[in-house]
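One structure is given below, encoded as structure tokens.
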Amino acid sequence: MKRICVIDGQGGGIGATLIKYIKQAYGESIDLVALGTNAIAVAQMLKAGANQGASGENAIMHSVPGADLIMGPVSITWANAMLGEVTPRMAVAVMSCPAPKILLPLSQEQVILVGTVEQPLPHLVQIAVNEKIMEVFEDV
């Protein structure tokens, strides 16, 4: 069974949306791990259907090496993003993991991602779930 780590912070809305769409598309064929920068984010992702969840720097550092895929907003790769919730060690753990990453081009930071098209969250999530996961996991 493939393991997807969904990482989010603050209110967990992006992660919860990802998990909801992944569950609808793949059911129980994928192990979904909700990793949050805080407990509120994890609670929202668990409510959306994650199989298990944990919060904080150590949980992220410990869990991502076992991932077959990491998903979340692009800011999970940036130290001090999400109003400082993403610690430098969290960002390093995510980027050091050899698993592929599907990142949504969403952030509250003063960063402009050139070459991306602004779309509502549900549209971005549909592309990530219905197209990009299939590209990563050809056997799902």
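A few remarks follow.
- Scanning segment 1-31 for residues that are in a helix (DSSP H, G or I) and under 20 Å from Q108 (Cα atoms) yields G13, I14, G15, A16, T17, L18.
- Some residue of segment 97-108 being basic (K, R) and within 14 Å of the chain's Cα centre (by Cα): yes
- Scanning segment 32-43 for residues that are outside any loop (DSSP other than H, G, I, E, B) and over 13 Å from the mean Cα position of the chain (by Cα) gives A39, I40, A43.
- Some residue of segment 57-68 being under 28 Å from M1 (Cβ atoms) and in contact with an Asp or Glu (Cβ under 8 Å, 6 or more places away or on another chain): no
Taken together, the values in this text are just the output of simple stated rules run on the coordinates, not laboratory data. Given the structure is predicted, the values throughout are model-derived calculations rather than measurements. Here the Cβ is made from the backbone with ideal geometry for all residues, glycine too, and neighbour counts use every protein chain on show.
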